Amino acid sequence: MRRADLATMGAEWLSARPGAVLDVIDTHTAGNPTRIIVGGIPLPEEIHDVAGARAWLRESAGWVRSRLVHEPRGGGLTCAVLPLPSTGPDHDLGAVILEPGSYPPMCGHCMIGLAVAVDEFGLVPGSVAAGGRRDITIRTPAGLVRAGIRRGQGVAGTVELTNVASSLTHSWTQVLGERRVRVDLSYGGDYYATVDAAELGLPLQRRSALDIVTYARELAATLAESPPRDPRTGELLDVYQVMFYERLDALSCRVVVVAPPGEIDRSPCGTGSSALLALLLSRGELGAGDTLTTRSIIDSRFTVRASDVDQTGDHPTVTPVLTGSAHVTGFSRIVADPLDVLADGFELI
């Protein structure tokens with residue numbers, strides 16, 4: 001059998017099949033995968049900022065997202081990030097997030113993965129402060145987030161991510177399954193329809209994965225039929241993720257987020273943890289300066305600290321400071337066989 005020299009084999013294959021090639025660094029954050037795009041995106045010359053790149057990907061280059069994160073190369077949990085050069089003094093780089101169903105405004109696990117890749121491979125020039133910490137500011141569609149990356153000899157790198165301001169939007173009650181439950185709509189860079197799993201008698205464990213997804217789909221269907229509106233502005237809100245949580249003790253919760261069409265986040269979800277922090281603050285169950293530990297369905301963990309709490313509105317607004325780790329899992333060259341009718345992938349089932 002021929003010895004596998006991947007570089008040579010890849011070059012030979014590509015020479016016979018010219019076409020678009022996407023180079024990515026693969027990472028995972030607390031169990032959830034992220035692909036950092038480092039080559040192959042033909043951005044038009046007139047596009048420079050995050051808003052323009054996001055609109056162009058959505059309207060003119062949908063193949064990038066579908067090829068990277070849809071099956072057969074990706075899956076329901078695969079996300080990608082397109083880093084962009086800075087366009088101003090307030091940030092070091094921009095980031096467009098590509099998920100299987102959308103181009104969301106923020107993704108905590110993606111930003112942690114991006115920060116680790118930036119630090120590991122020097123993707124953005126910058127000094128490292130005393131103690132080995134590198135600080136970068138990232139412009140996302142939701143706003144500016146700051147990442148402090150700390151790595152040590154023989155110690156997994158950690159990222160302290162200062163997220164966008166988060167808050168509870170409003171609450172209502174509805175029947176889910178055969179029980180009437182409270183649903184809280186909370187924001188942590190993205191919106192989450194949030195339910196205390198105890199109200200459903202629902203254990204947030206692997207053995208309950210089918211029940212978790214069934215309840216999430218039921219709630220998501222209700223939201224699709226009657227999309228929630230911002231009670232202050234009347235604006236329709238894009239709510240596509242459902243979050244269940246259970247209190248483990250005063251300062252820890254298990255968090256399970258379900259994304260369409262029914263995929264359970266393996267991580268505790270960064271924006272979800274931020275939204276949950278805001279919800280618990282609004283109920284008076286946490287206070288300014290408190291740190292909440294969130295655990296996923298596979299028991300991976302984040303911590304999220306309540307920083308800069310503003311009590312002046314109807315609900316408190318908090319700046320969440322999320323801490324987690326990410327790790328490199330591979331280096332991929334995504335190619336497309338011109339004879340492959342599924343070259344650009346297909347949507348999740």
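Among the residues in region 117-127, are any under 18 Å from the mean Cα position of the chain (by Cα) and either in a loop (DSSP other than H, G, I, E, B) or within 24 Å of Val69 (Cα to Cα) (or both)? Scanning region 117-127, I find at least one residue that is under 18 Å from the mean Cα position of the chain (by Cα) and either in a loop (DSSP other than H, G, I, E, B) or within 24 Å of Val69 (Cα to Cα) (or both), so the answer is yes.
Residue count for region 276-292 under the criterion of being within 12 Å of Ser307 (Cα to Cα), of a type in the set (A, V, I, L, M, F, W, C) and over 19 Å from the mean Cα position of the chain (by Cα): the result is 3.
Restricting the search to strands (runs of 3 or more DSSP E) fully inside region 294-349 and requiring at least 1 residues that are open to solvent by 30 Å² or more (accessible area, probe 1.4 Å) and farther than 29 Å from Gly39 by Cα gives 301-310, 317-324. Among the residues of region 256-285, just one is under 25 Å from Asp314 (Cα atoms), open to solvent by 10 Å² or more (accessible area, probe 1.4 Å) and in contact with a Leu (Cβ under 7 Å, 6 or more places away or on another chain), namely Ser282.
Please verify whether Arg3 is over 30 Å from Ser300 (Cβ atoms), open to solvent by 20 Å² or more (accessible area, probe 1.4 Å) and at pLDDT below 95, treating the condition exactly as stated. Answer is yes for this residue. Screening the candidates Arg151, Arg133 for the property of being in contact with a helix residue (DSSP H, G or I) (Cβ under 9 Å, 6 or more places away or on another chain), over 23 Å from Ser186 (Cβ atoms) and open to solvent by 30 Å² or more (accessible area, probe 1.4 Å) yields one hit, Arg151.
Among (1) among the basic types (Lys, Arg); (2) farther than 23 Å from Gly101 by Cβ; (3) under 20 Å from the mean Cα position of the chain (by Cα), which single condition is Arg217 missing? The failed condition is (2).
Looking at this structure, is Thr271 hydroxyl-bearing (Ser, Thr, Tyr), in contact with a helix residue (DSSP H, G or I) (Cβ under 8 Å, 6 or more places away or on another chain) and more than 17 Å from Val164 (Cβ to Cβ)? Taking the combined requirement at face value, the residue does not satisfy it.
Candidates are the residues of region 88-115 that are closer than 22 Å to Tyr187 by Cβ, open to solvent by 10 Å² or more (accessible area, probe 1.4 Å) and small (Gly, Ala, Ser); the one that is modelled with the lowest pLDDT is Gly101.
Within the bounds of region 75-87, is there any residue that is modelled with pLDDT of 95 or more, in contact with a Gly (Cβ under 8 Å, 6 or more places away or on another chain), in a loop (DSSP other than H, G, I, E, B) and farther than 28 Å from Asp340 by Cβ? The answer is no, given that none of the residues of region 75-87 is modelled with pLDDT of 95 or more, in contact with a Gly (Cβ under 8 Å, 6 or more places away or on another chain), in a loop (DSSP other than H, G, I, E, B) and farther than 28 Å from Asp340 by Cβ.
Listed by first and then second residue, the pairs with beta-carbon distance under 8 Å, at least 6 apart or on different chains, first residue in region 319-342 and in contact (Cβ under 8 Å) with a residue 60 or more places away in the chain and of a type outside the set (A, V, I, L, M, F, W, C), second outside any strand (DSSP E or B) and open to solvent by 60 Å² or more (accessible area, probe 1.4 Å), are Asp337/Arg17; Pro338/Arg17. Close contacts from region 27-51, counting a first residue that is in contact (Cβ under 8 Å) with a residue 60 or more places away in the chain and outside any strand (DSSP E or B) and a second that is buried (at least 18 other Cβ atoms within 10 Å of the Cβ) and among the aromatic types (Phe, Trp, Tyr), with Cβ to Cβ under 7 Å and a gap of 6+ residues or different chains, come to Ala30/Phe302.
Contact annotation: residue pairs with Cβ atoms under 8 Å, 6 or more positions apart or on different chains, pairing a residue in region 157-186 that is under 14 Å from Leu200 (Cβ atoms) and open to solvent by less than 20 Å² (accessible area, probe 1.4 Å) with a partner that is in a strand (DSSP E or B) and charged (D, E, K, R), are Val181/Asp196. Can you tell me which residue within region 205-255, out of those that are closer than 24 Å to Leu281 by Cβ, among the acidic types (Asp, Glu) and modelled with pLDDT of 95 or more, is surrounded by the fewest Cβ atoms within 10 Å (Cβ to Cβ)? Checking each candidate, the answer is Asp249. So which of Ala220, Ala197, Ala193, Ala224 ends up being touching a Phe, Trp or Tyr at 6+ places or on another chain (Cβ under 6 Å), of a type in the set (Gly, Ala, Ser) and without any contact (Cβ under 8 Å) to a residue 60 or more places away in the chain? Of the residues listed, the single one that is touching a Phe, Trp or Tyr at 6+ places or on another chain (Cβ under 6 Å), of a type in the set (Gly, Ala, Ser) and without any contact (Cβ under 8 Å) to a residue 60 or more places away in the chain is Ala197. Does Ala51 satisfy the criteria of being farther than 21 Å from Gly345 by Cβ and under 19 Å from the mean Cα position of the chain (by Cα)? Considered against the rule, which asks whether it is farther than 21 Å from Gly345 by Cβ and under 19 Å from the mean Cα position of the chain (by Cα), Ala51 comes out as yes.
The values are calculated or read from the model by the stated rules, or taken from the named source; none is laboratory data. Since this is a predicted model, take the numbers as computed values, not measurements. Neighbour counts run over all protein chains shown; Cβ positions are idealised from the backbone, glycine included. These accessible areas exclude ligands, DNA and RNA; they are computed on the full protein's heavy atoms, side chains included. Shrake-Rupley method; radii C 1.70, N 1.55, O 1.52, S 1.80 Å.
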